[in-house]
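For reference, the structure is listed below as structure tokens.
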Amino acid sequence: THTVVRRLQLLLPGVRIWLDVDNLDDVGRLEEAVADAMTFLVFLSAGYFRSFNCRRELYAALASNRPFIPIFEADVAKGGASIEALKAECRENCVEAAPAAYPNYSGPGEMLARVFEEAAPIVWVRVNAFQLESLKAVALRMLLHSPYYASRPNELADGVMVPGQAGPRGLRG
């Protein structure tokens, strides 16, 4: 998670990204911190939905109607899981009846829809050149939810480019 945040900060200078393990001094203020966010980046890995505090963050994001940007670790050796395994974990664990942070919560179906169906989760790829593509996908979604680009989505129709990035290449056989 730290790598994602640090690389996004390099890619989007000036962006403020709040990371619970770095910025939360009082776990009792978790919901308040989530409500202050413009978007909610959720880094999904095996065990994510089993964590009570991760679920608290999710419920707070649902309650504040923040856009979700799901990123998932697919490499099992790095704590990842398949989308199907993550969905099953969500169904098994997001069962609290109307948590305090979100009294209108309707159950795991609502969580599955917001995390997995509203926008396809972005695969986190660790190989350097491909990692840049994962980061660009996250950055693009973040920008599209910003006030400026939300009203001008056509400006990002071609995606985002990184200075010095190689352009498209044709292959010859």
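Some values worked out for this structure:
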| item | result |
| --- | --- |
| The one condition in (1) within 30 Å of G14 (Cα to Cα); (2) within 14 Å of the chain's Cα centre (by Cα); (3) part of a helix (DSSP H, G or I) that Y148 fails to fulfil | (2) |
| Subset of the stretch 55-65 that is surrounded by 18 or more Cβ atoms within 10 Å (Cβ to Cβ) and not small (G, A, S) - its residue that is farthest from P121 (Cα to Cα) | R56 |
| Residues located in the stretch 117-145, provided they are among the polar types (S, T, N, Q) and modelled with pLDDT of 90 or more | S134 |
| Those residues of the stretch 97-124 which are open to solvent by less than 40 Å² (accessible area, probe 1.4 Å) and without any contact (Cβ under 8 Å) to a residue 12 or more places away in the chain, in sequence order | A113 |
| Tabulated pairs, the stretch 146-173, first closer than 23 Å to A37 by Cα, second open to solvent by 90 Å² or more (accessible area, probe 1.4 Å) and at pLDDT below 90, C-beta under 7 angstrom, 6+ apart or interchain | S146/M38 |
| Some residue of the stretch 103-124 being in a helix (DSSP H, G or I), within 24 Å of N65 (Cβ to Cβ) and polar (S, T, N, Q) | no |
| Residue in the stretch 125-142 that is most open to solvent (accessible area, probe 1.4 Å), counting only those that are in contact (Cβ under 8 Å) with a residue 40 or more places away in the chain and assigned to a helix (DSSP H, G or I) | R141 |
| The one condition in (1) farther than 26 Å from L140 by Cα; (2) modelled with pLDDT of 95 or more; (3) acidic (D, E) that E96 fails to fulfil | (2) |
| Top-ranked residue of the stretch 66-125 - restricted to ones that are of a type in the set (K, R) and in contact with a strand residue (DSSP E or B) (Cβ under 8 Å, 6 or more places away or on another chain), ranked as farthest from A35 (Cα to Cα) | R114 |
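The rows are residues; the columns are (1) at pLDDT below 80; (2) closer than 21 Å to V123 by Cβ; (3) polar (S, T, N, Q); (4) under 14 Å from the mean Cα position of the chain (by Cα).
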residue	(1), (2), (3), (4)
R6	no, yes, no, no
E31	yes, no, no, no
L41	no, yes, no, yes
P67	no, yes, no, yes
G79	no, yes, no, no
A88	no, yes, no, no
G107	no, no, no, no
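The values are calculated or read from the model by the stated rules, or taken from the named source; none is laboratory data. Only a predicted model underlies this, so the values are computations on that prediction, with no experimental measurement involved. When we count neighbours, we look across all protein chains shown, and the Cβ atoms used for this are built from the backbone with ideal geometry, even at glycine. Protein only, heavy atoms only, side chains kept; ligands, DNA and RNA dropped before computing areas. Shrake-Rupley method; radii C 1.70, N 1.55, O 1.52, S 1.80 Å.
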